[in-house]
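The values are calculated or read from the model by the stated rules, or taken from the named source; none is laboratory data. Computed from a predicted structure; not experimentally measured. Cβ atoms come from the backbone with ideal geometry, glycine included; neighbour counts cover every protein chain shown.
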Amino acid sequence: MSLNVEHQPTRALPSEKPIRLLDNAGHAVRGAAAGGFELPALDVLLELYRRMVVARRFDVQVTALTKQGRLATYPSAYGQEACEIGAVSAIEAHDWFFPTYRDSIALLTRGIRPGDILASFRGDWHNGYDQHAHRCASQATPLATQALHAVGLAHAARLRNDPLVTLTYLGDGATSEGDAHEAFNFAAVWQTPTVFLIQNNQFAISTPIARQSRAATLADKAVGYGMPGYHVDGNDVAAMYAVTRAAVERARAGGGPTLIEGLTYRVEAHTNSDDPTRYRQARDVEHWKRRDPIERLEKYLVSEGALADEMRAEIADAAESVAEHTRDVMTADAELDPLELFDHVYSRPRAALLEQRARLEAELADTAELHSAGPAGAAR
């Protein structure tokens, strides 16, 4: 009895050493260490540099605003710019992106306005941007749930002969969730055009990766599902872009899903409510700061004559403009309408919901009338 299979499962293990195209000093890497990938063109690298500089300035500004009490919480991606920007820059405008709560700078790179990104962190909206217009799902706080959504949308697109690809991010902690297993398995079985990026920043809040998995690399998990896996230097934006781009092209051509692990580090706290000094050493943070993704690419671009002082200044000015806009938006008082609570609940509002809305509208009108009448009205 023979089995009719549509594809031959992938069995090759990812490399134990991360794939890199630029070393820590900004020198080009070739040969086996490059994993068969080529360094992107200078114009692509220059654009990736610009996006990372803008993203970091935005991230630093938002962290400062959070400390001032302008936001309820904010999970920084400082130090993870290569993973964030390299991967999301590898998809097209019509592809779909499914982020986690930490991926605000990827949304910024995707063209979403700062105020719309941060609306949920300030408590204005659950989601402040048009998902369909930007092809970006809402930022997910539950771990790994967005991976299932990415697979579902990709499967539906394939059934409709829509050539889009879905890209979804996960943290290292999310790979311990059952939802991640289900997403990986269904993507491989259905051969959906999905790219999974695991940003292994080495801590699930305070739990180190050694207490989560005994696998040599998280990319090794791909083999068990029958899809390719790549272990990549997550602080090398050139490698992140090149590997993700190849995975996206493979998915679009019908080759199925790919799992990519970007080995990186979270320099800032998990969120503003976290105290990282309780579970990691300052020397480890300094070790990773010396492997800064922006500085690495900057050294290479300068050595190639692609980044002069004038260009660097222009990029810095553009980043500062984004930071200024972010400050203006987040320091302005939010215009809140309590009746918005009833919007977007049902496509056709139910009678009970309409009754509740009318009751609240009447109460708001009575309150407004009392305020307009002044102290005499209030006494009445």
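Only one of these is of a type in the set (Phe, Trp, Tyr), crowded, with 23+ Cβ neighbours inside 10 Å and within 21 Å of residue 88 (Cβ to Cβ): 169, 129. Name it.
Of the residues listed, the single one that is of a type in the set (Phe, Trp, Tyr), crowded, with 23+ Cβ neighbours inside 10 Å and within 21 Å of residue 88 (Cβ to Cβ) is 169.
Condition check ((1) farther than 16 Å from residue 84 by Cα; (2) under 18 Å from the mean Cα position of the chain (by Cα); (3) assigned by TED's automatic domain parsing to the domain that holds residue 291; (4) modelled with pLDDT of 95 or more) across all residues:
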{"site": "211", "(1), (2), (3), (4)": "yes, no, yes, no"}
{"site": "225", "(1), (2), (3), (4)": "yes, no, yes, yes"}
{"site": "228", "(1), (2), (3), (4)": "yes, no, yes, yes"}
{"site": "238", "(1), (2), (3), (4)": "no, yes, yes, yes"}
{"site": "253", "(1), (2), (3), (4)": "yes, no, yes, yes"}
{"site": "260", "(1), (2), (3), (4)": "no, yes, yes, yes"}
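Looking at the structure I just gave you, is residue 296 more than 29 Å from residue 68 (Cβ to Cβ), of a type outside the set (Phe, Trp, Tyr), in a helix (DSSP H, G or I) and under 22 Å from the mean Cα position of the chain (by Cα)?
In short, yes.
Out of curiosity, is residue 367 in the same structural domain as residue 62 (by TED's automatic domain parsing) and either free of Cβ contacts under 8 Å to residues at least 40 places away in the same chain or among the hydroxyl-bearing types (Ser, Thr, Tyr) (or both)?
Answer is no for this residue.
Considering only the stretch 324-347, I want to know if a residue exists there that is more than 30 Å from residue 64 (Cα to Cα), in contact with a Phe, Trp or Tyr (Cβ under 9 Å, 6 or more places away or on another chain) and in a helix (DSSP H, G or I).
No.
What is the number of the single condition among (1) of a type in the set (Phe, Trp, Tyr); (2) out of contact with any strand residue (DSSP E or B) (no Cβ under 9 Å at 6 or more places or on another chain); (3) within 30 Å of residue 275 (Cα to Cα) that residue 196 does not meet?
(2)
Select from the stretch 243-270 the residues that are surrounded by 24 or more Cβ atoms within 10 Å (Cβ to Cβ) and part of a helix (DSSP H, G or I) and list them in ascending order.
Listed by number, the residues that qualify are 243, 244, 247, 251.
Report the residue count in the stretch 149-174 for those that are β-branched (Val, Ile, Thr) and not in a strand (DSSP E or B).
The total comes to 2.
In the list 107, 148, which residue meets the criterion of being touching a residue at least 24 places away in the same chain (Cβ under 8 Å), hydrophobic (A, V, I, L, M, F, W, C) and closer than 24 Å to residue 186 by Cβ?
Matching residue, one of 107, 148: 148.
List the residue pairs whose Cβ atoms are under 6 Å apart, where the first residue sits in the stretch 337-348 and is assigned by TED's automatic domain parsing to the domain that holds residue 359 and closer than 15 Å to residue 126 by Cβ, the second is of a type in the set (Gly, Ala, Ser) and surrounded by 10 or more Cβ atoms within 10 Å (Cβ to Cβ), and the two are 6 or more positions apart or on different chains.
If the second residue must be of a type in the set (Gly, Ala, Ser) and surrounded by 10 or more Cβ atoms within 10 Å (Cβ to Cβ), no pairs are left.
Residue 89 is checked against (1) surrounded by fewer than 18 Cβ atoms within 10 Å (Cβ to Cβ); (2) at negative phi; (3) at pLDDT 95 or above and fails just one. What number does that condition carry?
That leaves (1) as the condition not met.
If residue 43 satisfies every condition in (1) touching a Ser or Thr at 6+ places or on another chain (Cβ under 9 Å); (2) surrounded by fewer than 18 Cβ atoms within 10 Å (Cβ to Cβ); (3) of a type in the set (D, E, K, R); (4) part of a helix (DSSP H, G or I) but one, which is the exception?
Unmet condition: (1).
Tell me the residue from 289, 299 that is farther than 30 Å from residue 165 by Cα and either in contact with a helix residue (DSSP H, G or I) (Cβ under 9 Å, 6 or more places away or on another chain) or buried (at least 16 other Cβ atoms within 10 Å of the Cβ) (or both), please.
Matching residue, one of 289, 299: 299.
Regarding residue 313, is this residue without any contact (Cβ under 8 Å) to a residue 40 or more places away in the chain and not assigned by TED's automatic domain parsing to the domain that holds residue 118?
no
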